[in-house]
Every structure is written in structure tokens, then in C-alpha cells.
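Beneath this line is the structure, given in C-alpha cells, with notes to follow.
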Amino acid sequence: MFGELLAPQYLTWLLDGFLLTLVLSALACLFSTALGFPLCLARLSPRRLWSWPARAYLMVFRTTPLLIQLFFWYFGVTSLLPEDLVAWLNMPHEVALGPAHLEWPSFEFIAGLWGLTLYTSAFIAEEFRAGVASVRDEQRAAGLALGLKPAQVWRYVILPQALRTALPPLLGQYMNALKNSSLAMAIGLAELSYASRQVETETFKTFQAFGIATLLYIATIAVIEVIGQMLQQRKRFRRGVI
Amino acid sequence: MNRTDGASFMNWKTMKKLTALTALALAVVSGLAHADRLEDIKKAGVLRVAAFDSNPPFGFVDPQSKQIEGLDVDYAKALADKLGVKLQLQPTNPANRVPLLVANKVDLVLANFTITPERAEQVNFSIPYFASGQQFIVKKGTLKSQEDLNGWRVGVDKGTVNEGVLRKKFPGAKVVAYDDTPFAFTALRNGNVQAITQDGPKLIGLLANVPDRDKYEVPPFTISNDLIGVGIPKGETALTEFVDKTLLELEANGQAQKIYDSWFGPQTKTPLERLYKIGDKS
């Protein structure tokens, strides 16, 4: 009914692409969480010196399409850089990590990771902020009244509750990051969507090529979903995340 | 009333014959309705053609008229005129050409569509109306010999034959695939890739509109020769015959040469000698 299966060679292409998708989105999630949290703190800061740049960042990155941002970093910015630097960025390099040799990622990967991270961090910062906003002001006041220092109020009163509220939408943002990574194929990054399109071009087995890619995306999202469910059912989580 | 009343009007044998006849008639009628796209086009009064909208001079949006123009479009117009129907153009990219035909979204594809045995399993092709070879654009003076390409980063269009040919001829090249040729060219300009590859006429057409075209060159060698045909839905014999016949007529009455000259003639920005004529043995 669905025609023949794909030859092993094409499955290898798809798996290579899948691996790249996983690495790209995992790194993007990691970096954008690390960036999103301080961004949220800056946005909440009563000092304008902190909050205004954060507002500007959030506005720019949340109001423009990711595809345009990727084009901007890959095509736009490189056209401004000096030629020698671009040539160096595009050259293969090797990074020696003790006995292991790591191959320097392609420039497409760097640009894709950079663009995806900056974009996702803006959304993650807002999810954190929504979590913090869910803790009523009275709790902060009560904490201070009990003699806690402001930093202690953050650590023991606000953050545990804020993170608990923010976790489900945060996981939603991770899922978005995984799906958004497919846009990196527009800048020539050979991730899963790119690979499925390439397999389709070579084999004309449209259903199989896109079907397998779809299943791989669904499976990965399902794993994130299961992790989220497991976390939320833990007793410790229900009392507060940290 | 008795349930067998109706059946008692005729005997069993006549019934059987009638059923067979009806089935046959149905098969013929539905066969006609499904298999003959040519009739459908004439009835609808519209010929739906997929063409490129950013690949000068084959199909591109003309800045003055804001319409899709080009060599492919001129042939599409000639086919629609011959049929006496309206032409409706649908912009496409290289990777969507086969799916558009398979999904019946268009009647014909005239989008620099290279004839290959793999594609011919999915769609019908007319006789070739154009031939072109795959060439490269590089920054002037950078490519010393063809072999250099084996270590280079080379940009191609996603979903094209060019990608496969490049991988086969230069297995050492690092292939980076972009959505279309303008993107690939931007990447070359920025230094993300050192060469881009496409059919020669398309590269010349692209360079013609580049302000700093003196910095680039198309080295004088081809790595393949492609025959370009009209893509037609699989099994549409009447439509295929019509397209073939019309193309030969266009060559015979000089209109094909006229179309060619208006895009690649000596007066144009992209002069290229016409080596292939419709009806030539490939």
C-alpha cells in the first residue's frame, strides 16, 4: 500500500539528518535556557538600565519570523564581515580535546545554532517571566516581613513556585525549538527535513521520505512530553522545583 | 406487491447482458473523463502551467510588467495560443515540479525541466525544446583546474539533477544545497561557498543582472548535457502528442528561433549560440 521501503543508503541519510537535528536542537535549548533566565531577570529589573535593553531584545526577536532571522545571520551578516574572516569560518578546522579530535562544525551549523538560540531564548525568557508573575506579590512581602533578605526571597519563595508553573510551557518551547530547527535547511544545513527532501528528490518515494521524517519528529516530541509528565508527577516537583 | 415483480419483466439472461453492457459503457465514459486532459483543458478554456519565477531568462517576474516572463513562458504562451485557451501560470521551485504534476495541480510544467529516466517514471516528457550543460560560477581567477573543485565548498539548488551530477563528478566537493539559485549566488558572493553550479544558460542569465558581474566568471566547460522538455502528467498520451506536434511546428515556422533569440540572441545581455534545435537527435 505504501510502496517499497527505502534502500539502506537513504535511511542512513535520514538518520544522519536526525542526529544533526537532535544535536542542533539540544544545544539550542541548552544555550537559550542559559540565556533566557538572565534575560528574564533583566526584564523584571526595576532599573531601566537593565529592563529596557531586555525589552528591546524581546521585541526584536519575538516579532520577526525565525526564517528571516536565519537568513539575516547567514546571508546578511556574512556579507558585512571581512572576506578573510568568512573564509576562515567556512574552512574545516579541527579542535583537539585531549586525545579526541572534534571536527569544527560547518558554518551553516554555527549560523543555525546561533539564530535558533537567540530566537528561542526570547520565548523562554517570557515563559520564565510568566512563571514569576504567577507568584503573588503578597508572598514576596511576607518573605521580607519574616526577615528574609531579597535574594533569599527569590531563592526560597519565588523561584520554586515560578519554575513549577513555568515548566510545562518551557517544555513546549523546547518542542518548538526542535520543530523550528527544520527551518535551518533553508541555509543549507543538512538536518532531518533537508535529508528527507534530498531522499525524496533521489528516490521519488515521497510518502516514505517525509513519512519517516514525520515519525522521527513525533517520537522525539513524545519523549519530551513523557519526560515532562514524569517530572510533574514527582512529589518533590509538586512542592516546588528547587 | 411482490418483491420479484421487477425482475419478472425480463429473463435472467437479458439482465446479465444489460449489466455487462452498462459496466462497459461506464468504463468507457469514465476512461474518457479521466484519461484525456487535453479535452479537459479545452473544455475549461484554461491551460495551467507551472513555471519558475526567479530563474531568468527561463521564468522570472519582469520588473516592469510584474508578470512572469521568460523563454519557458513564451513556449507556454505558444502552446496555449495553439489550443485557443487562456494561460494560467503557477510559480514553482525546482523541488515542487514533479509533485505539482502528480497531484494534478497543473496541466504542464515548463520550468527548465531536465528529462531523466527517474522523472520519466513519474511524469510524461515532450520532445526536448532546449538543451543546456551544467557549468559553474566562480570568483574570477580562483579556479585553476577542474580538479580544484574536489576540495571546494560548492553551492547547488536543492532537488535538482545538478546536485546528483556534482556529487558523482566531484565526490570530494562539500555540497551545500540552497532553496534556489539566487540564494546560492548570495552564498558565493559572501564567501560561504567557493563555486555554485547550475545549467549554463541559467548562470549567464543570473550574472546578467548582477551589478559586480565583472568579478565572476563561468569557466568554459560543462560537466553534463541536459535536455529540457515539457513535463506532462503520466499517461496523458493525447496531451503529449499535442505538445510534441506543436513544438515541431514552432521550429518549422521559425517561431522557436525567434523565442530563442529574444532571450539568448546576440542583441541580449546573455548571448549564447543556439546549438540545439527542436527535433534534433539527442
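The table below gives the values:
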item	result
Residues of segment B:250-276 that turn out to be more than 19 Å from residue B:227 (Cα to Cα) and charged (D, E, K, R), as a count	2
Complete set of residues in segment B:52-84 that are open to solvent by 20 Å² or more (accessible area, probe 1.4 Å), under 20 Å from residue B:202 (Cα atoms) and in a helix (DSSP H, G or I)	B:74
Residue list for segment B:85-107, filter: in contact with a Gly (Cβ under 9 Å, 6 or more places away or on another chain), part of a strand (DSSP E or B) and not aliphatic (A, V, I, L, M)	B:86, B:91, B:92
Segment B:158-190, residues that are open to solvent by 20 Å² or more (accessible area, probe 1.4 Å), in a helix (DSSP H, G or I), touching a residue at least 12 places away in the same chain (Cβ under 8 Å) and away from every other protein chain (no Cβ under 11 Å)	B:165, B:169
Whichever residue in segment B:116-157 is assigned to a loop (DSSP other than H, G, I, E, B), open to solvent by less than 40 Å² (accessible area, probe 1.4 Å) and within 14 Å of chain A (Cβ to nearest Cβ) and, among such residues, is nearest to residue B:184 (Cα to Cα)	B:152
Contacts under 7 angstrom Cβ, first residue in segment A:71-86 being within 15 Å of residue A:188 (Cβ to Cβ), partner open to solvent by 30 Å² or more (accessible area, probe 1.4 Å), 6 or more apart	A:73/A:114; A:75/B:186
Of the criteria (1) in contact with a helix residue (DSSP H, G or I) (Cβ under 7 Å, 6 or more places away or on another chain); (2) free of Cβ contacts under 8 Å to residues at least 40 places away in the same chain, which one residue A:146 fails	(1)
Hey, residue B:93 outside the structural domain of residue B:191 (by TED's automatic domain parsing) and closer than 28 Å to residue B:188 by Cα or not	yes
Residue in segment B:236-245 that is touching a strand residue (DSSP E or B) at 6+ places or on another chain (Cβ under 7 Å) and open to solvent by less than 10 Å² (accessible area, probe 1.4 Å) present	yes
Qualifying residues in segment A:180-216 (those that are assigned to a helix (DSSP H, G or I) and free of Cβ contacts under 8 Å to residues at least 40 places away in the same chain) - the one least open to solvent (accessible area, probe 1.4 Å)	A:200
The listed residue being open to solvent by 10 Å² or more (accessible area, probe 1.4 Å) and either within 22 Å of residue B:75 (Cα to Cα) or more than 14 Å from chain A (Cβ to nearest Cβ) (or both), out of B:199, B:226	B:226
All positions within segment A:144-179 that are small (Gly, Ala, Ser) and either within 14 Å of chain B (Cβ to nearest Cβ) or open to solvent by 10 Å² or more (accessible area, probe 1.4 Å) (or both)	A:145, A:147, A:151, A:172
Single residue of A:130, A:87, A:111 found to be away from every other protein chain (no Cβ under 14 Å) and not polar (S, T, N, Q)	A:130
Tally of residues being at pLDDT below 90, closer than 21 Å to residue B:60 by Cβ and not acidic (Asp, Glu) across segment B:147-180	5
Selected residue (only one of B:221, B:242, B:185 is on the phi < 0 side of the Ramachandran plot, in contact with a helix residue (DSSP H, G or I) (Cβ under 9 Å, 6 or more places away or on another chain), outside the structural domain of residue B:160 (by TED's automatic domain parsing) and hydrophobic (A, V, I, L, M, F, W, C))	B:242
Of the criteria (1) crowded, with 23+ Cβ neighbours inside 10 Å; (2) part of a helix (DSSP H, G or I); (3) away from every other protein chain (no Cβ under 14 Å); (4) in contact with a Phe, Trp or Tyr (Cβ under 7 Å, 6 or more places away or on another chain), which one residue B:205 fails	(4)
Helices (runs of 4 or more DSSP H) (entirely within segment A:30-127) containing at least 3 residues that are more than 20 Å from the chain's Cα centre (by Cα)	A:48-63, A:77-80, A:83-90
Hits in segment B:208-223 - residues which are in a loop (DSSP other than H, G, I, E, B) and within 14 Å of chain A (Cβ to nearest Cβ)	B:210, B:211, B:212
Boolean, residue B:70 is touching a Lys or Arg at 6+ places or on another chain (Cβ under 9 Å) and either within 18 Å of residue B:243 (Cα to Cα) or in contact (Cβ under 8 Å) with a residue 24 or more places away in the chain (or both)	no
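The values are calculated or read from the model by the stated rules, or taken from the named source; none is laboratory data. Keep in mind it's a predicted model, so treat the numbers as computed, not measured. Ideal geometry is used to build each Cβ from the backbone, glycine not excepted, and the neighbour counts take in all protein chains shown. Ligands, DNA and RNA are excluded from the accessible area calculation, which covers all protein heavy atoms including side chains. Shrake-Rupley method; radii C 1.70, N 1.55, O 1.52, S 1.80 Å.
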